[in-house]
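S.K.: Encoded as structure tokens, here's the structure I'll be asking about.
No lab work stands behind these numbers, since they all come straight from the coordinates. Everything numeric here is computed off the predicted structure, so don't read it as measured data. So basically every Cβ, Gly included, is an ideal-geometry build from the backbone, and we count neighbours across all protein chains shown.
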Amino acid sequence: MRILAISGSLRAASSNTSALKAAALLAPAGTELVLYGELGGLPHFNPDLDGDAPPAIVQALRREVGLSDGLLISSPEYAHGIAGALKNALDWLVASLEFPGKPVALISASARAVHAEAQLREILATMSARLVGTASIALPLLGRNLDAHGILADPALSAELRAAMRSFVDAIAGHADGPA
């Protein structure tokens, strides 16, 4: 099973990216979690460019989404909203054939990021994603400056993330699907 992980943060030392890297290490056997690394390189969304031949980087993003069985997204909250770079990527996926019906789970790196999560859920529902609520979690990482290995070393954090990944893989495989 292949899961595409997208961090909404462009920061080098991002808690969101660290959470996704830890998720990759805790994913069930047989699960490949691929971290998307081109978020900052996507051009600003422009419907005029989204015709028969969108920019190559957009085509590559859509191809990655199409090759994946599910998407794992972690986004910071900026000014009570989702990160602009992530919103831009999602805008490029709106007209794609690869996205509708795709299982999606959300990992928040802060329990306080409620506005961004609500916006992200609304956007994804509008885009016809299949949100997997049982696999969507908020990890208390705010202010802890943990990298992926630091998250793995914390028994509570690693247990919660491992359980979320198991739930997500089961939902993708059709064994279970929780409420969004």
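S.K.: Which of I73, A156, A27 sits farthest toward the positive end of the charge dipole of the chain, with +1 on the Cβ of Lys and Arg and -1 on the Cβ of Asp and Glu?
M.R.: A156
S.K.: Now a separate question. Antiparallel DSSP bridges in the stretch 1-145: what percent, to the nearest 5? Don't skip to the answer; put the middle values down first.
M.R.: Details: 2 of 18 bridges.
Beta bridges within the stretch 1-145, antiparallel portion: roughly 10 percent.
S.K.: Using the Cα centre of the stretch 21-180 as origin and beta-carbon charges of +1 (Lys, Arg) and -1 (Asp, Glu), tell me which of G37, V58, G174 is placed farthest towards the positive end of the dipole.
M.R.: Towards the positive end, the residue furthest out is G174.
S.K.: In nm, to one decimal, how far is the modelled label at L49 from the one at L25, with both set 7 Å along Cα→Cβ?
M.R.: 3.6 nm
S.K.: While we're looking at this one, here's another question. Any idea what the relative contact order of the stretch 93-150 is, in percent, if you count C-alpha pairs under 8 Å spaced at least 6 apart?
M.R.: Averaging sequence separation for qualifying contacts and normalising by length gives 47 percent for the stretch 93-150.
S.K.: Same structure, new question: Starting from one equal scatterer on each C-alpha and no solvent at all, send me the Debye-based log10 I(q)/I(0) for the stretch 35-148 at q = 0.11, 0.12, 0.17, 0.21 Å⁻¹, two decimals.
M.R.: Ignoring solvent entirely, the Cα scatterers give -0.36, -0.43, -0.86, -1.26.
S.K.: Still on this structure, please answer the following. What is the chain's relative contact order, in percent, from Cα pairs under 8 angstrom and six or more apart in sequence?
M.R.: Relative contact order for the chain comes out at 27 percent.
S.K.: Another question, then. What's the angle, to the nearest 10 degrees (0 to 90), between helix 84-93's Cα axis and the longest principal axis of the chain?
M.R.: 60 degrees
S.K.: Sticking with this structure for a sec: Report, in debye and to the nearest 20, how large the dipole of the chain comes out about its Cα centre when Lys and Arg carry +1 and Asp and Glu carry -1 on their Cβ. Walk me through the intermediate numbers first.
M.R.: On the way: 13 positive and 17 negative charges, 75 e Å.
Using only the charged Cβ atoms, the result is roughly 360 debye.
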